Amino acid sequence: MTLAQFCDPELDAIERQLSGPEPRYPLMLIVDTSSSMEGEALSALNNGLERFYSEIAADPILSDRVELALISYGPAQVHVPFQPVSQFTLPTLQANGRASLGEAVSLGLDLVAAREEELSLENVYSSQPWVFLLSHSAPCDEWQLAAWQVEDLEKQGALSFFAVDLGGQNLSLLEQVSVRRPFALDSYRFSDLFSWLHEGLGALCWAEPGDAIALKNPAADGGWAKSTSA
């Protein structure tokens, strides 16, 4: 085999098809698009999502293996259910309404459970799903049930849930929703956040199935999160 053949992405794709179904790496984004996000915040979010999508889509392995789902809230809305990034159409998000955080999180967890069941029935390997909640304004609905669901699923090892405060005012609440320590985004640095997430997904996809990976501390020097006390 020549070097050109060895590096040929078409041959690589054929080899991966013959080896069986692609493993799946589910990622759910639950993003606040309530009226408080109107203006600079929403523009930065859409730009960050576009960059993230473009980077994943340009990678022939990640684009087939990473399954992305996108939910937004003011009113909770599923924009795209789980599907490989190679088949994903990224919407432009609009700000509207009050923040139905609890409804959006519960809806997202239901989608995760349904997709995991589908992949299991199809005998397709799936990594532990990552769920990222990006919250800007205080919720207008009951969120306690969603918080209990997150805690229960984390205890079962059914998912990894991460919370990010976009407005700098919700950390204490997010500490009650997420088992993991939430972080506050520094100055709408969505592009840096999604680049960090892209790097983590790349490490996950190249790891042996079942191996845990350590995400970099986003509050370290040069990270996207504000430095806060632990």
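Please treat every number below as a calculation from the coordinates, not as lab data. Keep in mind that this is a model prediction, so the values were computed, not measured. So basically every Cβ, Gly included, is an ideal-geometry build from the backbone, and we count neighbours across all protein chains shown.
The calculated P(r) of segment 107-230, using every Cα pair and 5 Å bins from 0, goes 2, 10, 18, 21, 21, 16, 8, 4, 1 in percent.
Given charges of +1 on the Cβ of Lys and Arg and -1 on the Cβ of Asp and Glu, with all other atoms neutral, how large is the dipole of segment 29-206 about its Cα centre, in debye to the nearest 20? Show your work: numbers first, answer last.
Values: 8 positive and 24 negative charges, 41 e Å.
The calculated dipole for segment 29-206 is roughly 200 debye.
What length, rounded to one decimal in nm, is gained on full extension from Ser120 through to Ala158, with 0.36 nm per residue of separation minus their alpha-carbon distance? All intermediate terms of the calculation are to be shown ahead of the outcome.
Details: separation 38, 0.36 × 38 = 13.68 nm, distance 1.29 nm.
Difference between extended and current length: 12.4 nm.
Find the Cα radius of gyration of segment 29-206, compare it with 2.2 N^0.38 Å by division, and give the number to two decimals.
Segment 29-206 yields a ratio of 0.97.
A DSSP coil position with no more than 14 other Cβ atoms inside 10 Å describes the following GluC sites (Glu not before Pro) in segment 125-163: Glu142. Stretched out straight at 0.36 nm per residue, the stretch from Asn47 to Asn96 would grow longer than its current Cα-Cα span by 15.8 nm.
Full extension of the chain between Ile213 and Glu40 yields a length gain of 59.0 nm, computed as 0.36 nm times the residue separation minus the alpha carbon distance.
If neighbour count is taken as other Cβ atoms inside 10 Å, put Ser137, Ser86, Ser34 in order from fewest to most.
Working: Ser137 18, Ser86 14, Ser34 24.
So the residues, fewest neighbours to most, are Ser86, Ser137, Ser34.
In plain terms, the residue of Ile213, Ile56 with the fewest other Cβ atoms within 10 Å comes first and the most crowded comes last, giving Ile213, Ile56. Ordered by the count of other Cβ atoms within 10 Å of each Cβ, fewest first, Arg24, Arg181, Arg51 give Arg181, Arg51, Arg24.
Rounded to the nearest 5, what % of the DSSP beta bridges within segment 29-206 are antiparallel ones? Write out the running numbers ahead of the final one.
Details: 5 of 20 bridges.
If I count the DSSP bridges inside segment 29-206, around 25 percent turn out antiparallel.
Rounded to the nearest Å, what's the spacing between the alpha carbon centres of segment 90-106 and segment 114-193? Just the number, please. When both Cα centres are located, 14 Å separates them.
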